[in-house]
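The structure appears below as structure tokens.
The values are calculated or read from the model by the stated rules, or taken from the named source; none is laboratory data. Only a predicted model underlies this, so the values are computations on that prediction, with no experimental measurement involved. With ideal geometry, Cβ positions are generated from the backbone for all residues, glycine too; neighbour counts draw on all protein chains shown. Calculation scope for accessible area: heavy atoms of the full protein, side chains included, ligands and nucleic acids excluded. Shrake-Rupley method; radii C 1.70, N 1.55, O 1.52, S 1.80 Å.
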Amino acid sequence: KNDKETLIEQQIIEEKEIAKISFKRLQLVRIYDDPHIYTIDNFLNKKELHFFDNIIMDLESRQGFKKSYIDKSTNNHSFDDSRTSQFVHFGKCENKMISDIEKRASELVGMSIENIEPLQVVRYQVGQFFDDHHDLGVLFDDGSVELPKRSPRRVCTLFLYINDIPAENGGSTRFPLLENDGKDYLDIQPKRGMAVLWCNIRRDGTPDERLGELVCML
């Protein structure tokens, strides 16, 4: 091999090494470079997944899920056709299992546990969806994002998957403004126990409008 080929191979190896970050027992894999998006396999362990399985089974048996809503900048909630999923909130540090997950999330993003929003489970059944939206604030048709006038302001998002979903069934977290592998969007397919992490703001603190996303179950 000539020097040029060797240099290219070294660069490829370095890029692959940079794309993986170890944090305690977790390994973050950077799947998108600009903006940075990471996946974390096995963020939820088997015991935690079993805990959520039982909670969901109980909620379904007594119809405990509530209709999802959208936060508005006018300090109220909106129920409309752009979001048809269902959800349930957990209390802050509701029990040891929830506290452990909140603590792990806070350590991962470098914030105190008080700054971590209470966990919630969102359920998407066949035909349900959450249309184009942005986790930081209100996403307008021109692509701009308005910061909410009240907390929480979601500086970053840590999204956890409880189920495996085959690609043919939809259910992916789609970023329609991020090109990937020849497509004009980036899809992240749910994998049981996996987490996805991204930052909703740019370095200067302004909303990163590129991170609008949508979810749809076919």
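The modelled label-to-label distance for the pair residue 191/residue 114, using points 7 Å beyond Cα in the direction of Cβ, is 3.6 nm. Counting only protein heavy atoms, what percent of the accessible surface of the chain is carbon or sulfur at a 1.4 Å probe? Of the solvent-accessible surface of the chain, carbon and sulfur hold 51 percent. Per residue, region 126-218 exposes an accessible area of 54 Å² to a 1.4 Å probe, with every protein chain left in place.
Using the structure shown, select from 46/96; 47/191; 46/67; 47/96 the pairs with a Cα to Cα distance greater than 18 angstrom.
Over 18 Å Cα-Cα: 46/67.
The Kirkwood hydrodynamic radius of region 88-218, based on inverse pair distances between different Cα atoms, is 16.0 Å. Between residue 153 and residue 45, the simple label model (points 7 Å from Cα in the Cβ direction) yields a spacing of 3.6 nm. Per residue of the chain, the DSSP helices (runs of n ≥ 4 H) give a summed -39500 (n - 2.57) that works out to -7000 deg cm²/dmol at 222 nm. Helix 96-109 sits at what angle to the longest principal axis of the chain, using alpha carbons and giving 0 to 90 degrees rounded to 10? Tilt relative to the chain: about 40 degrees.
Tell me, what is the percent relative contact order of the chain, built from C-alpha pairs under 8 Å that lie six or more residues apart?
Numbers: 363 pairs, mean separation 45.5, N = 218.
It comes to 21 percent, rounded to a whole number.
Shape call for region 107-169 from the C-alpha gyration tensor, a ≥ b ≥ c root eigenvalues: rounded (a/c under 1.5), prolate (a/b greater than b/c) or oblate? In terms of gyration-tensor shape, oblate.
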